[in-house]
Amino acid sequence: MGLEFRLQPQQAQKLVLTQQMRQYMALLTMTSVELQQRISQELSENPALEEDEDEENAVAEDSNTEDTQPTELVEQLEQLDQLESYNSILTNDPDSQSKGLSDYNYQQSLIKQETSLLDYLTWQASLLSLGEREKRIAELIIGNISDDGYFLVDPMEIAQSEHIDVNLVTNVLKKIQSLDPAGIATRNLQECLLVQISRRKVAEDNMTAYWQIAERIVLNDFDKLMHKQISGLAKKIGVKQGSIQIAVKLITSLNPKPGHLYYPDKNSTIIPDLKFIVDDNGKVSVEVINENIPLLRLSSKYLELLKDPNVDKKTKDYLQNKIKAARDFLSSLQQRQSTIERIASIVADKQEAFFSKGFASLCPMRMKDIADELGLHESTVSRAISGKYVETPRGTIALKSFFSQALHTADGGETSQNAVIDRIKSLIDNEDSTKPLSDAKLTDLLNQEGVQVARRTVAKYREKLKVLPAHLRKISKK
């Protein structure tokens, strides 16, 4: 049978990303500092783009691009978001294990604290019953904990340097591992997860059976977990696949980098992108802060050269390419600013009560709600608010802090997670120092106020506020 060539039509759904769409997506996720650097790079690489101190001529000079490409750009972006596929939470790539497991949603704490991880651990260690030699070992252990929260050296190295028994170092290390946040001072991802599972297994007694399965998986079948071999795990452990899936989901809810809770932002300087202004009548308006963003325009010199009949074709082709690239950049930049401003305007409108009453009055608001209202995709909103800060009468706040899931109240209404977190902080701030409120008591008080919340949820919110458990707060206040 001979080879045969034939033409056959075939339908396939795929999206070709234009250069401008890639550029818009990149600009949308950038912080103010990153955007400044990107503009400086563009100015140095494209002579058809120049900085102009005359605001009337800058950026808006080429405003005829506003109604052409951005609409098409957004449509392409929405298609991309719908077709986008996400990597598996667990992979067999060692370098991506921590990234995959970090799918846990760590929202930024509402209360800004300057305490570093080192200071926080040192303070907790001072509450432990340690002898003088043990205190010295504790200092060495804490001093060798990375920003991720991992203990970086072998206990034998400390034992040799201090001329002591390695068992003494190991015992002190276990005590440091009992501190907050859970998983701190562990030596690898596997140990980090096991420490957290041990605590959650006790705290969440209604899920003990699944946490026990999770513990067995991490302890004995970590490789199968990384490869997500559900059927193999079920067969080896002797339980149903559904139980394995629940256990794996519990594992992915853990924090693979516990130290990051105290390093939420590596930038020492926060430059707000927006400003919420409240007038005398309580009306909130949005202002985009462009003070640190250079004003841009197309080079008039290049535009004139393009019209000059004496310029040869090769030069004109070069000019056209540079001018097109400059126009595309200006258009993407305008679209970025417009998208962020539109989102912020909806946020200000929905969270108007915040400006007069604070975080306790935040209403539930999801990115999907904003996306639906603006006709965008949810991931577009996520890109737009990532790393963006807004200046408000109550301080500079991360834009994402205004977003939170809903919690149900006894009267059938809803309140936001952030409002509940703020209420927990208020209760703890006003507690009797000799009788600190336990997580169970906090849960009862919230339930009495009509907020339906579980004890483990209260414990999670307390940890997010970086507040110690009741028994340790009592010791520290003594």
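The numbers here are math on the coordinates, done by the rules we state, and not lab data. Everything numeric in this text was worked out from a predicted model, so none of it was measured. Every residue, glycine as well, gets a Cβ built from its backbone with ideal geometry; the counts of neighbours run over all protein chains shown.
List the residues whose amide H sits under 5 Å from the amide H of Leu130, counting only those 5 or more places along or on another chain, with H placed 1.01 Å from N in the peptide plane.
Those qualifying (amide H under 5 Å, at least 5 residues apart or on another chain) number zero.
Looking at this model, which pairs from Lys283/Lys388; Lys201/Lys368; Lys257/Lys400 are more than 24 angstrom apart at the alpha-carbon?
Numbers: Lys283/Lys388 22 Å; Lys201/Lys368 33 Å; Lys257/Lys400 21 Å.
The answer is Lys201/Lys368.
Within the range 264-360, which GluC sites (Glu not before Pro) sit in a loop by DSSP and count at most 12 neighbouring Cβ atoms inside 10 Å?
Values: sites: Glu287, Glu291, Glu304, Glu341, Glu352; in loops: Glu291, Glu352.
Taking the range 264-360 and a limit of 12 other Cβ atoms within 10 Å, the loop GluC sites (Glu not before Pro) found are Glu291.
For Leu296, enumerate residues with amide H under 5 Å from its amide H, sequence gap 5+ or separate chain, H modeled in the peptide plane.
Result for Leu296 returns Asp52, Val59.
Straight-line reach from Lys441: which lysines fall under 16 Å, measuring Cα to Cα and dropping same-chain residues less than 8 apart?
Candidates past the 8-residue exclusion: Lys425, Lys460, Lys474.
Taking the number of other C-beta atoms within 10 Å as the exposure measure, put His163, His377, His227, His471 in order starting with the fewest. It would help to have the intermediate numbers written out before the result.
Working: His163 6, His377 21, His227 15, His471 9.
With the fewest neighbours first, His163, His377, His227, His471 line up as His163, His471, His227, His377.
Work out how far the C-alpha atoms of the range 117-261 reach from end to end along every principal axis, then list the three figures in whole Å, largest first.
Over the range 117-261, Cα extents along the principal axes are 51, 27, 23 Å.
About its Cα centre, what dipole magnitude does the range 117-261 give when the only charges are +1 on Lys and Arg Cβ and -1 on Asp and Glu Cβ, stated in debye to the nearest 20? Mind showing how you got there, number by number?
Working: 17 positive and 17 negative charges, 173 e Å.
Taking the Cα centre of the range 117-261 as origin, the dipole is about 840 debye.
With contacts defined as alpha carbon pairs under 8 Å and 6 or more residues apart, what's the relative contact order of the range 117-261 in percent? If you can, show how the numbers build up before the last one.
Values: 156 pairs, mean separation 34.5, N = 145.
This gives 24 percent for the range 117-261.
Go through the range 303-319 residue by residue and turn each phi into a ³J(HN,Hα) via Karplus (6.51, -1.76, 1.60, θ = phi - 60°); whole Hz please, and just put x for glycine and proline.
Taking θ as phi minus 60°, the curve returns 5, 5, 4, 5, 8, 6, x, 7, 7, 6, 4, 4, 5, 5, 4, 4, 4 Hz for the range 303-319.
Going by average Cβ density within 10 Å per residue, which order do the peptides 463-469, 443-449, 191-197 take, highest to lowest?
So the order, starting with the most tightly packed, is 191-197, 463-469, 443-449.
Cβ under 9 Å from Asp439's Cβ, Asp439 left aside: what net charge do those residues give with Lys, Arg +1 and Asp, Glu -1? Provide the component values of the computation, followed by the final result.
Numbers: positive: Lys441, Arg455, Arg456, Arg462; negative: none.
So the surrounding residues net to +4.
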